[in-house]
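Data first, discussion second: the structure below is written as structure tokens.
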Amino acid sequence: MTIERHPKMRGLTKRIAGRWQHNSILSAAPRGLLALKALNEKARATATGLPFVRKPPAKVYGRIGSLRVRLANGRKDVLSAQRLRFEVFYEEMSATPSVIAGMRRLDQDPYDAICDHLLVEDHSPEGGAVSEAWTRTRKPHVVGTYRVLRQEVAQRSLGFYTESEYDIAPLIAAKSPRYRFMELGRSCVLRPYRTKRSVELLWHGLWTYVREHKVDVMIGCASFEGTDPEAHAMALSFLHHHALAPPEWRCRAHRHLYVPMDRLPREKVDTKAALKALPPLIKGYLRLGAFVGEGAVIDRQFGTTDVLIILPVENIDPRYFGHFGAPDELKSRIAAEV
């Protein structure tokens, strides 16, 4: 049987020939042994003509000297934040990594995928503020980070991380929708960069983000190093007696995690000694106008004693607006230096 004699085969041949003629690549193909090579070359030329979709640039919130603060832009940036967190929390401090975290040398959890991550980077060729000994061993890039989670994102996914330690749901339900909440967490700065300039830049980025998304209340856990609350009796007692949130803003640690903070009576609290003992981050929150929740929580994995921070934007001391920008400003005061 030949193709010419079989009507079905003749029809199939015509259809194949028609497709060949209407294909811009195949129709121009030469006959003979060079056909395959010519097809490959033309296909590559056609592919290179496809439009290239560029990744949008990272959102930069400000710059001071060689340091700049911006939002993470993709998986590579988040991995940089996770590596930095591992270095600070697990290698410098006393957090206990899982087997997987220890192998990967990354501080990871499911919340990283739904949070925004603020990054402070050092762009100086010589290593900026770090010592010569440090620059010989490592050229730093991401040197500070903050993880932030807005209420609308939390409610449609995993909720707030803070809910694992404190009963914040009643407060959020009572204050919403008038107040928009945002959670702060996983804040850390590489040791050689723990200077006023680095922390200030991180705050510039955070405050610009808050205004950009019209956040009304910042919440999150801040930590004392170590799991013995008695070692922080003076500072914890000061927080309980002088910074406890008023009833309309108060949240309490979950019953099974609750650790009393009023370890000393009010009259025995030495304010000067207590302020000196407070971690700088907690002290900074208090200066801005933050409250603390009721009760502390021991975090065994991270080796810390946690307290709940509640910071309504309306409570922020106005004297800081002259430096960081007023609540109705959307642009960072240091954005012009970028």
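Taking the condition open to solvent by 30 Å² or more (accessible area, probe 1.4 Å), modelled with pLDDT of 55 or more and outside any strand (DSSP E or B), does P30 pass? It is false that P30 is open to solvent by 30 Å² or more (accessible area, probe 1.4 Å), modelled with pLDDT of 55 or more and outside any strand (DSSP E or B).
For the range 239-265, the set of residues classified as within 18 Å of T304 (Cα to Cα) and among the aromatic types (F, W, Y) consists of Y258 only. When restricted to residues that are over 27 Å from the mean Cα position of the chain (by Cα) and surrounded by 22 or more Cβ atoms within 10 Å (Cβ to Cβ), the range 200-233 contains 1. Across the range 64-101, the qualifying residues are those that are assigned to a helix (DSSP H, G or I) and of a type in the set (V, I, T), and the one among them that is most open to solvent (accessible area, probe 1.4 Å) is V99. Scanning the range 152-178 for residues that are part of a loop (DSSP other than H, G, I, E, B) and open to solvent by 20 Å² or more (accessible area, probe 1.4 Å), we see that the one that is nearest to I309 (Cα to Cα) is D167.
The values are calculated or read from the model by the stated rules, or taken from the named source; none is laboratory data. The shown structure was predicted, so the numbers you read here are calculated from the model rather than taken from an experiment. Every residue, glycine among them, receives a Cβ derived from its backbone with ideal geometry; neighbour counts consider all protein chains shown. The accessibility values were calculated without ligands, DNA or RNA, using every heavy atom of the protein model including side chains. Shrake-Rupley method; radii C 1.70, N 1.55, O 1.52, S 1.80 Å.
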